[in-house]
1. Which residues, counting only those in segment 1-24, are in contact with a Lys or Arg (Cβ under 9 Å, 6 or more places away or on another chain), more than 15 Å from Ser44 (Cα to Cα) and assigned to a helix (DSSP H, G or I)?
2. Looking only at residues that are crowded, with 17+ Cβ neighbours inside 10 Å and touching a strand residue (DSSP E or B) at 6+ places or on another chain (Cβ under 9 Å) in segment 28-44, which one is nearest to Gln118 (Cα to Cα)?
3. For segment 40-47, indicate whether the set of residues that are small (Gly, Ala, Ser) and within 23 Å of Ala304 (Cα to Cα) is non-empty.
4. Only one of (1) over 20 Å from the mean Cα position of the chain (by Cα); (2) at pLDDT 95 or above fails for Tyr72. Which number is that?
5. How many residues does segment 268-303 contain that are surrounded by fewer than 22 Cβ atoms within 10 Å (Cβ to Cβ) and part of a helix (DSSP H, G or I)?
6. For Phe257, all conditions in the list (1) at pLDDT 95 or above; (2) over 22 Å from Gly246 (Cα atoms); (3) more than 18 Å from the chain's Cα centre (by Cα); (4) in a helix (DSSP H, G or I) hold save one; what is the number of the exception?
7. Out of all the residues in segment 12-27, which are surrounded by 12 or more Cβ atoms within 10 Å (Cβ to Cβ) and under 25 Å from the mean Cα position of the chain (by Cα)?
8. Restricting segment 138-154 to residues that are in a helix (DSSP H, G or I) and within 19 Å of the chain's Cα centre (by Cα), which is modelled with the highest pLDDT?
Amino acid sequence: MPLVTSIIKKIAPQIGAIVVIEPEYELVGHITFKNGKKVFFTRSKFNINGLGSSEIAKDKGYSKFFLKHFGYRVTEGETFFNDKICEKVGDSRNIDAGFEYAKSLGFPVFIKPINLSQGKLVAKIHNKTQYYQIAKKIFKISPGLIVERFHPGKDYRIVVIDNEIIAVYQRLPLSITGDGKSNILELIQYKQRVFFDNFGKKVIDLDDLRIKQKLQKQKLNWESIVPNGKIIYLLDNANLSNGGEGIDFTESIHPDFKKLAFNIAKDMGLRLIGLDIITSDITRPMTDYVIIEVNSAPGLDYYASLGDAQAQKVEDLYLKVLKALEVGCNGEN
C-alpha cells in the first residue's frame, strides 16, 4: 500500500474519521470526519491548499514570475514551447529559441518541463546535442520547458504547514558506490533491488537518457568497474523520487531559512508547501540562496524512509493535515 494511504488509514481513527480506499490501486480515498465533513484525497494531494494557489505552484513558469514579483531570489530562466503552442499563440519561443537562450546564459544550464513533478526529465545540459535530445523528449509529454541558469550549491527541501517546520533535508542525486569488482550496470541493478524492497516500485529507469549522458560526461559506460569506495553520480537533479538520497537537517536549519519558508508560503497562499532551494549551508545565516521551485503537494515517501524519527514526522504532518481538513480549509466549513 502507498505510504500516504497507509498513514491515513492508520491515523484517521485517532480523530474518529472514517476512510474508504479505492481497492485496486489504493492511491485515492474518501474521508468522513466526525462533524460530517467529507473530503477526497489522491496520492499526496489534499484540499488543504486553494485550487488557484496549487495551480500556480504546479506551473514552474507562473510560480517563478510571482516569486520574483514578491522579491525572492529565483533561478534566472525563460519558458519555451512546442511548435503547436507557438503556432496557436503566435509565439516565437520554440525549441531553437530555447537553445539560443541557453547559449546566452552559458553552459551548463538546467532544463525542465514546466508542469511535471518528481524531477521527471530535469537535466543539466552541457552542449547543443544534449539540449536537443532532452528538449525533444520533454516536448513529447509537456507543452513547454524552462531553461535556467545553473547555480552551484547544495539542494535542500523545506516542508512547512501552517507556519510550522515539519522537515528539512538535503537532497543528493542518484549515485552508486564502487566495490572494486562490480561494473556500473551491476551496481545500479543492486541499488534498484534495494529501492524495490523498500518502496515496492521501480525507481531507477535504466533507459533514462540523462544517465547515459552523465556517464558519457565522465567517460564511463555500463561495463566500467568502479574502484572501491568511489562515488559515481548518475543524475544531476537531486530528486529522491529519481533514486536520490537525503540527509536530515530539520533540527539544525537556521532561523533565517525558516522565516524565508514561512514568508513564501504566506505570499503564495499555501498552507502546506515544499520549498526547494539551493544554498551553500542551510545551518548558517542566509547570505546566499536561490529558489528552485515551490511544491503544493510535497511527496515525503523517501524522507520517511530515512529512519523512524523521519517516519514519525511524516505521520505527524498528515495528522495535522486531517485536523485542518476537518475544521475547514481556505475559508470552507
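1. Result: Ile15, single match.
2. Within segment 28-44, the subset crowded, with 17+ Cβ neighbours inside 10 Å is 29, 31, 33, 39, 41, 44.
Then keep just the ones that are touching a strand residue (DSSP E or B) at 6+ places or on another chain (Cβ under 9 Å); that gives 29, 31, 33, 39, 41.
Numbers: Gly29: 22, Ile31: 26, Phe33: 31, Val39: 25, Phe41: 19 Å.
Going through the qualifying residues, I end up with Phe41.
3. If we filter segment 40-47 for residues that are small (Gly, Ala, Ser), which is where we start, we get 44.
Cutting the leftovers down to within 23 Å of Ala304 (Cα to Cα) gives us 44.
Yes - at least one qualifying residue is present in segment 40-47.
4. For Tyr72, the failing item is (1).
5. Final tally of qualifying residues: 1.
6. The single condition Phe257 does not satisfy is (2).
7. Within segment 12-27, Glu26, Leu27 meet the criteria.
8. Step one: of segment 138-154, the residues in a helix (DSSP H, G or I) are 138-141.
Remaining after also requiring within 19 Å of the chain's Cα centre (by Cα): 138, 141.
Details: Ile138: 94, Ile141: 91.
Result: Ile138.
The values are calculated or read from the model by the stated rules, or taken from the named source; none is laboratory data. Since we're looking at a predicted model, the values are computed, not measured. Cβ coordinates were reconstructed from backbone atoms using ideal geometry, including for glycine residues, and neighbour counts include every protein chain displayed.
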